[in-house]
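Okay, so here's the structure we're looking at.
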Amino acid sequence: MEQPKSAAEKLAERKARLLDLHKQRQEARTQNHQEVVAEDARKKLPSNWEARKRQAEWLLADDKARAEAESAGKDYERMKLLEVSAIDADRIEKKKQRKDNPDLGFSTYEAQTARQYNRLVKSMPPRDMAKYEKQKAELGEAFYGGPNTTLHLRTKDTPSAINNMVKDLDQQIERRKKYSRRRIYNDDADVDFINERNSKFNKKLDRFYGEHTAEIKQNLERGTAI
């Protein structure tokens, strides 16, 4: 049978527990102070610090892997491509295309005009300096334009330029077909709504409850409902 502890033993146990609690409190206080200092240091960093840090770590890892591949006599770019799946490669390619020619839809007429201008400039052929000098010699002062300059019948578009214009117009027509158009209102349709929002709501109700309420609706239209 276990002997009861004496008062001195109980006091020693309490002192040990108190000392342990005091030690834990000191550790928690130290950790909290360290967290506060670290949080204050993070707040003083730039807003994009985490992204820059990840990018720097990726660059270091990439340089290290490249050096290891070169030391082993392997093509690092080929090794990277072998690790990329077809889905990821397609996603990366689409992302590059959006970055090179972003199409965010219609925002303003100014943005649309600037977008079309940049697209046409990129599709222009390389500069032909011989043709440029020849045209400048033929037109003289009219080449630079002015308020009283008339170039009608003095210049003639080349067949290739006309074909490019036709091709561009055809592409614009095809792109317009892909955009949704506002549905044409049917004058002969039954009017059971007060505005467009109410019309959409009624159509939604009809999809779910139309077969159950068809008879009630017909009775109301005939005036025979009780």
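In this structure, ALA51 does not satisfy being surrounded by fewer than 10 Cβ atoms within 10 Å (Cβ to Cβ) and either without any contact (Cβ under 8 Å) to a residue 24 or more places away in the chain or not small (Gly, Ala, Ser) (or both).
In a residue-by-residue description of segment 40-48, the property of being surrounded by 10 or more Cβ atoms within 10 Å (Cβ to Cβ), over 30 Å from ALA161 (Cβ atoms) and out of contact with any Phe, Trp or Tyr (no Cβ under 9 Å at 6 or more places or on another chain) applies to at least one position. Filtering segment 19-39 to residues that are among the polar types (S, T, N, Q) and open to solvent by 80 Å² or more (accessible area, probe 1.4 Å) leaves GLN24, GLN31, ASN32, GLN34.
In the set LEU151, LEU60, LEU120, LEU139, which member is assigned to a helix (DSSP H, G or I) and in contact with a helix residue (DSSP H, G or I) (Cβ under 8 Å, 6 or more places away or on another chain)? Break it down into steps so the answer makes sense when it comes.
On the way: LEU151 fails: assigned to a helix (DSSP H, G or I); LEU60 fails: in contact with a helix residue (DSSP H, G or I) (Cβ under 8 Å, 6 or more places away or on another chain); LEU139 fails: in contact with a helix residue (DSSP H, G or I) (Cβ under 8 Å, 6 or more places away or on another chain).
After applying the criteria, what remains is LEU120.
Looking only at residues of segment 119-165 that are hydrophobic (A, V, I, L, M, F, W, C) and open to solvent by 100 Å² or more (accessible area, probe 1.4 Å), we find that the one that is farthest from GLN97 (Cα to Cα) is LEU153. Within segment 48-57, the set of residues being at pLDDT 85 or above and outside any helix (DSSP H, G or I) is empty.
On the basis of being over 30 Å from LYS80 (Cβ atoms), of a type outside the set (Gly, Ala, Ser) and either open to solvent by less than 90 Å² (accessible area, probe 1.4 Å) or assigned to a helix (DSSP H, G or I) (or both), does LYS15 make the cut?
Values: over 30 Å from LYS80 (Cβ atoms): yes; of a type outside the set (Gly, Ala, Ser): yes; either open to solvent by less than 90 Å² (accessible area, probe 1.4 Å) or assigned to a helix (DSSP H, G or I) (or both): yes.
So LYS15 fits the description; yes.
Cβ separations smaller than 9 Å between residues 6+ apart or across chains give the following pairs from segment 121-136 residues that are closer than 20 Å to LEU151 by Cβ to residues that are open to solvent by less than 90 Å² (accessible area, probe 1.4 Å): GLN135/PHE143; GLN135/THR155; LYS136/PHE143.
The values are calculated or read from the model by the stated rules, or taken from the named source; none is laboratory data. Small disclaimer: the values here were computed from a predicted structure and weren't measured. Counting neighbours? That spans all protein chains shown, and the Cβs are built from the backbone with ideal geometry, glycine included. We work out accessible area using only protein heavy atoms, side chains counted, and drop any ligands, DNA or RNA first. Shrake-Rupley method; radii C 1.70, N 1.55, O 1.52, S 1.80 Å.
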